[in-house]
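Chemist: Below you'll find the structure I mean.
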Amino acid sequence: MLEELDIKNFALIDSAHVEFGRGFTVLSGETGAGKSILIGSLAFLLGGKAGVEQIRTGTHEAQVSGSFLLESQDSLEWLSEHGIEAEDSRILLRRLIRDNGKSSAWIGGVPVTRADLLSFSTFLVDIHGQHEQQSLMKVSEHRRYLDMYADIVPQVREFTALYSDLVEKRRSLDALDTDESQRESRIEMLNYAINEISEAKLKPHEDEELEAEENRLSSYEKLYGTVNEINVLFDGSEGSGLVSVMRKLKGLVPHVSSMDKTLESLDSRFESSFYEIEDIASEFKHYQQSLVFDPERLSQVQDRLELIGKLKKKYVQSANPTVLDLLEYQEKASQELECLTGAGHDREALQKAVSEAEKAVYQAAKKLSALRKAASDKMSAAIEGVLVKLGMKETKFCVHMQEKDGNDMTQKCGPYGMDDIEFLISSNPGSPMLPLARIASGGELSRVMLALKTILSNGDLAGTLVFDEIDTGIGGEVAVALGDHMKLLAAKKQILCITHLASIAVYADNQIKIQKGVDGSSTSTTVFPVAGEQRVKEIARMLSGDSSSQASLEHAASMLKKFGGM
């Protein structure tokens, strides 16, 4: 559960501290006030997109931190696996973006990668915005929702690995079946490349080491002169060098510290510095003595770098190739050569392996299909049950499944199984079931998505669900039903919802207002909770745009009283 959010210099927000409670919280404010900025800052904190455009104008970095109460064992186990400790089942996340484009993130004070942040945030918050609602328009996403409902995501992941192995085996078999002349030509080319790279006897990171040596040898005079100047400053003449001066100080500092005990810490620090400087001076002296100008070695290094450069240009297709890239190319070329020559890849054995893999894939696909079929009818009924509560009483919903096109078992399977899955809907009695993506309005999509979130909430790892503008295209009784439903959903999860509709807002346990103001030439967004009379005024504004008229205030107060928001 999200407990606190601190935002600094993010977009239009100068500085904001927001506390969140359990249950249902609405975020309200006039259009353009910056409600979505608040959700954007939360998304940024959880590992979302980071860009310099998110930094408030005139500042150098944006920073967001948030405190979360961890209510799932999975989240605590994740932290334990990554060596991070929670305090009283709470954890602090922090992330910043600088104007040079670099971002940093911490979980519980421990620096983490963005990938780690995204991984951990799945236990914390699930943000649903307009972009996710549009996922219902993509038929390819419908399979993912069904798999989540059926709780078979791990099995699907295992199937995809099995399918990928089959694809790789088929590719190897195809390579053996390539036209003989092309095959021979490829074998000849690979042999030549492997031999040429092998003859060079390359060592990992050799190019980096040679470049450093070339730089040192070609800069000999300048390097020697500068090191000599450093040694003169260390040694000096007639006791004027740094080491000589420090030796004199080494006799004086202990003397004064023996007379005043408060100087003992300075004596100790000076003694450490003296030995460190003396050691550095000795190292520089030995380094100067070891410097030798060797034109023959410089020529050898340059010749070696020229050879490596030619090989890089010939065999590595990248902007900044390295010796490691060359060695990787050699390894891949050897593997391909082994495959083409049939060494270790007997065609008959490979054909048998492909056949066995096809059978395994087909059997696994059949099992997935059976699990999906069992879940699809239950999911359809569950979605319809929620839609009834959301004002779509006559709506019929169907998770439609059919086998992929094809004449045999190999053609019928794809990376996720043998099923094509699509959501169908009929909004009116007697109307045929048609694809959701083709006929649903914006308001219907919003409610279908909320229904999906509802039936998936039990298995959803996140303790907080965020809905950004889910009220698009709805109003009246539908909005009332949606508010009531979100109130019920908030009994299981912490719900945050941006809304323009008072009929949704009055159901909330808490309300936060986002307000934009202009101070001279500067525009900023402020965030603050509203309660009591202030909340009545905000609901009145949402109802009629007027937060001061007696009629609006009385209407707002009666709605809050009726729907339990006060």
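The values are calculated or read from the model by the stated rules, or taken from the named source; none is laboratory data. Here the structure is a predicted model, which means the values were calculated and not measured. Glycine gets a Cβ as well: all are built from the backbone with ideal geometry, and neighbour counts include every protein chain shown. Areas reflect the complete protein model, heavy atoms only, side chains present, ligands, DNA and RNA absent. Shrake-Rupley method; radii C 1.70, N 1.55, O 1.52, S 1.80 Å.
Chemist: Would you mind telling me which numbered condition in (1) farther than 30 Å from residue 418 by Cα; (2) modelled with pLDDT of 90 or more; (3) in a helix (DSSP H, G or I); (4) open to solvent by 50 Å² or more (accessible area, probe 1.4 Å) residue 158 fails?
Modeler: (1)
Chemist: Here is a check on your reading of the model: is residue 252 open to solvent by 80 Å² or more (accessible area, probe 1.4 Å) and touching a Ser or Thr at 6+ places or on another chain (Cβ under 8 Å)?
Modeler: no
Chemist: Let me ask you something else. Which ones in segment 520-535 are hydrophobic (A, V, I, L, M, F, W, C) and either part of a strand (DSSP E or B) or open to solvent by less than 10 Å² (accessible area, probe 1.4 Å) (or both)?
Modeler: Passing the criteria: 527, 528, 530.
Chemist: Looking at 88, 174, 151, 99, which is the one that is open to solvent by 50 Å² or more (accessible area, probe 1.4 Å), among the acidic types (Asp, Glu) and within 30 Å of residue 337 (Cβ to Cβ)?
Modeler: Result of the check over 88, 174, 151, 99: 174.
Chemist: Still on this structure: Does segment 332-344 hold any residues that are more than 32 Å from the chain's Cα centre (by Cα) and either closer than 18 Å to residue 208 by Cβ or in a helix (DSSP H, G or I) (or both), and which are they?
Modeler: If the condition is that a residue be more than 32 Å from the chain's Cα centre (by Cα) and either closer than 18 Å to residue 208 by Cβ or in a helix (DSSP H, G or I) (or both), then 333, 334, 335, 336, 337, 338, 339, 340, 341 are the ones that fit.
Chemist: Here's a follow-up. Of the residues in segment 275-322, how many are acidic (Asp, Glu) and either surrounded by 15 or more Cβ atoms within 10 Å (Cβ to Cβ) or more than 47 Å from the chain's Cα centre (by Cα) (or both)?
Modeler: Of the residues in segment 275-322, 3 are acidic (Asp, Glu) and either surrounded by 15 or more Cβ atoms within 10 Å (Cβ to Cβ) or more than 47 Å from the chain's Cα centre (by Cα) (or both).
Let's see how each residue does on (1) part of a loop (DSSP other than H, G, I, E, B); (2) of a type outside the set (Ser, Thr, Tyr); (3) open to solvent by 20 Å² or more (accessible area, probe 1.4 Å):
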{"residue": "50", "(1), (2), (3)": "yes, yes, yes"}
{"residue": "58", "(1), (2), (3)": "yes, yes, yes"}
{"residue": "66", "(1), (2), (3)": "no, yes, no"}
{"residue": "71", "(1), (2), (3)": "yes, yes, yes"}
{"residue": "75", "(1), (2), (3)": "no, no, no"}
{"residue": "79", "(1), (2), (3)": "no, yes, no"}
{"residue": "84", "(1), (2), (3)": "yes, yes, no"}
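Chemist: Only one residue in 387, 350 is closer than 23 Å to residue 136 by Cα, assigned to a helix (DSSP H, G or I), aliphatic (A, V, I, L, M) and touching a residue at least 12 places away in the same chain (Cβ under 8 Å). Which one?
Modeler: 387
Chemist: Could I ask something else about it? Could you identify the single residue in 370, 365, 381, 349 that is within 18 Å of residue 152 (Cα to Cα), surrounded by fewer than 17 Cβ atoms within 10 Å (Cβ to Cβ) and small (Gly, Ala, Ser)? Working first, answer last.
Modeler: Working: 365 fails: surrounded by fewer than 17 Cβ atoms within 10 Å (Cβ to Cβ); 381 fails: within 18 Å of residue 152 (Cα to Cα); 349 fails: within 18 Å of residue 152 (Cα to Cα).
Only one candidate qualifies: 370.
Chemist: If you check residue 31 against the conditions, is it farther than 21 Å from residue 120 by Cβ, among the hydroxyl-bearing types (Ser, Thr, Tyr) and out of contact with any His (no Cβ under 9 Å at 6 or more places or on another chain)? Please lay out each step first, then the result.
Modeler: Details: farther than 21 Å from residue 120 by Cβ: yes; among the hydroxyl-bearing types (Ser, Thr, Tyr): yes; out of contact with any His (no Cβ under 9 Å at 6 or more places or on another chain): no.
No; evaluated as a whole, the condition is false for this residue.
Chemist: Separate question: Out of all the residues in segment 471-519, which are farther than 24 Å from residue 532 by Cβ, among the β-branched types (Val, Ile, Thr) and in a helix (DSSP H, G or I)?
Modeler: Result: 478, single match.
Chemist: Residue 444 - would you say it is surrounded by fewer than 20 Cβ atoms within 10 Å (Cβ to Cβ) and at pLDDT below 80?
Modeler: So residue 444 does not fit the description; no.
Chemist: Give me the residue from segment 469-509 that is among the basic types (Lys, Arg) and open to solvent by 30 Å² or more (accessible area, probe 1.4 Å) and, out of that set, modelled with the lowest pLDDT.
Modeler: Here the answer is 492.
Chemist: With the requirement that a residue be closer than 14 Å to residue 198 by Cα and polar (S, T, N, Q), what does segment 313-332 give you?
Modeler: Within segment 313-332, just 330 meets the criteria.
Chemist: What's the number of the condition residue 108 fails, among (1) in contact with a Phe, Trp or Tyr (Cβ under 6 Å, 6 or more places away or on another chain); (2) modelled with pLDDT of 90 or more?
Modeler: Residue 108 satisfies every listed condition except (1).
Chemist: May I pose another question? For segment 516-540, which positions are closer than 16 Å to residue 500 by Cβ and either without any contact (Cβ under 8 Å) to a residue 12 or more places away in the chain or of a type in the set (A, V, I, L, M, F, W, C) (or both)?
Modeler: 530, 539, 540
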